[in-house]
Amino acid sequence: MALRPYIVGNWKMNGLRATLSEARAIDRVAARYPAVDVGIAPPFTLVHAMAEEAQAMAVGGQDVHAKPSGAFTGDISAPMLEDAGARFTIVGHSERRSLHGESDGDVQAKAVAARAAGLGVILCVGETEAERDAGQAEAVVSGQLHGSLPKEGAEGLAVAYEPVWAIGTGRVPSVEDVAAMHRAIRADLVAIYGDAGKGVRILYGGSVNAGNASELLGVADVGGALVGGASLTAESFAAIINAAAMLIEG
Ligand code: PEP
């Protein structure tokens with residue numbers, strides 16, 4: 001891994017205040033591995049409490065609204081997230097794209113708003129199984145990148161490649177397919193941002209667990225992992241953080 005590894009947990013709609021004990025344990029693991037960047041994106045209700053306690057890990061949002069304030073019932077803005085202690089936000093997760101109808105343009109506006117508020121951005125892309133079967137995976141992902149990445153520059157940006165069919169299913173692409181996609185994403189990043197595109201971390205996401213983390217994180221141009229189910233307990237998430245640390249220590 002050429003860049004600092006970035007291991008991020010997406011808790012989705014999971015977690016009550018009682019779950020903060022898991023976050024504390026994850027923070028202690030993060031403190032043991034200072035060469036690995038660790039983040040957790042809990043539900044909005046836990047962002048402030050978790051951020052107050054976190055010492056070694058970053059806390060982030062799972063989504064953000066593109067506008068700073070206004071009549072948007074149920075939404076959370078980037079300045080609100082930042083005010084609650086968040087340091088980053090996920091945007092464009094496939095569950096937001098499919099269940100909430102978010103377009104590439106919507107995702108781009110969210111990414112721009114998040115960066116304007118000083119938040120790091122993890123921008124998700126990924127093809128469906130039908131698109132992969134049709135040989136369209138790279139074209140689909142490239143279209144998402146060109147349509148949703150902010151044009152202003154690469155600062156504070158990470159991309160998460162998450163094949164939709166691998167999320168929460170226990171299925172993962174072959175190492176060759178992950179390598180080919182991450183290579184293609186890197187080429188798009190360089191086409192869009194020039195040399196700065198070489199410094200953007202490209203995370204892999206989709207059924208990463210303690211058993212496959214080492215192999216996936218060892219693939220060229222995989223700069224970390226976005227982890228759903230296996231980030232919910234300190235025990236399983238620690239194994240993934242540990243796998244990243246072992247790869248850089250050799
Ligand atoms: C995700 O939803 O971002 C994800 C990668 O989930 P899982 O690890 O559970 O497949």
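Scan segment 59-87 residue by residue and report those that are surrounded by fewer than 24 Cβ atoms within 10 Å (Cβ to Cβ) and within 16 Å of the ligand (Cβ to nearest atom).
We begin by selecting, within segment 59-87, every residue surrounded by fewer than 24 Cβ atoms within 10 Å (Cβ to Cβ); these are 62-63, 65-77, 79-80, 82-85, 87.
Matches in segment 59-87: Q62, D63.
When A23, A41 are screened for being in contact with a helix residue (DSSP H, G or I) (Cβ under 7 Å, 6 or more places away or on another chain) and not aromatic (F, W, Y), only A23 passes.
Pick from G39, G70: which is within 21 Å of L203 (Cβ to Cβ) and small (G, A, S)?
Result of the check over G39, G70: G39.
The set of residues in segment 1-26 that are touching a strand residue (DSSP E or B) at 6+ places or on another chain (Cβ under 9 Å), within 20 Å of I248 (Cβ to Cβ) and of a type outside the set (S, T, Y) comprises M1, L3, R4, P5, I7, V8, G9, I26.
Of the residues that sit in segment 7-34 and are in a loop (DSSP other than H, G, I, E, B), open to solvent by 50 Å² or more (accessible area, probe 1.4 Å) and out of contact with any Leu (no Cβ under 7 Å at 6 or more places or on another chain), which one is farthest from the ligand (Cβ to nearest atom)? Steps first, please.
Here is the first cut: in segment 7-34, the residues in a loop (DSSP other than H, G, I, E, B) are 11-16, 33-34.
Checking which are open to solvent by 50 Å² or more (accessible area, probe 1.4 Å) leaves us with 12-14, 16, 34.
Applying the additional criterion that residues be out of contact with any Leu (no Cβ under 7 Å at 6 or more places or on another chain) yields 12-13, 16, 34.
On the way: K12: 6, M13: 11, L16: 19, P34: 24 Å.
The extreme case among them is P34.
Restricted to helices (runs of 4 or more DSSP H) entirely inside segment 123-228, those with at least 1 residues that are open to solvent by less than 10 Å² (accessible area, probe 1.4 Å) and away from the ligand (no atom under 16 Å from the Cβ) are 137-148, 175-193. Among the residues that make up segment 99-116, is at least one of them free of Cβ contacts under 8 Å to residues at least 24 places away in the same chain, closer than 28 Å to V47 by Cα and either within 12 Å of the ligand (Cβ to nearest atom) or assigned to a helix (DSSP H, G or I) (or both)? Within segment 99-116, one or more residues are free of Cβ contacts under 8 Å to residues at least 24 places away in the same chain, closer than 28 Å to V47 by Cα and either within 12 Å of the ligand (Cβ to nearest atom) or assigned to a helix (DSSP H, G or I) (or both).
The values are calculated or read from the model by the stated rules, or taken from the named source; none is laboratory data. Please read all numbers here as calculations on a predicted model, not as lab measurements. Note that each Cβ is placed from the backbone with ideal geometry, even for glycine, and that neighbours are counted across all protein chains shown. Heavy atoms of the whole protein, side chains included, go into the accessibility calculation; ligands, DNA and RNA do not. Shrake-Rupley method; radii C 1.70, N 1.55, O 1.52, S 1.80 Å.
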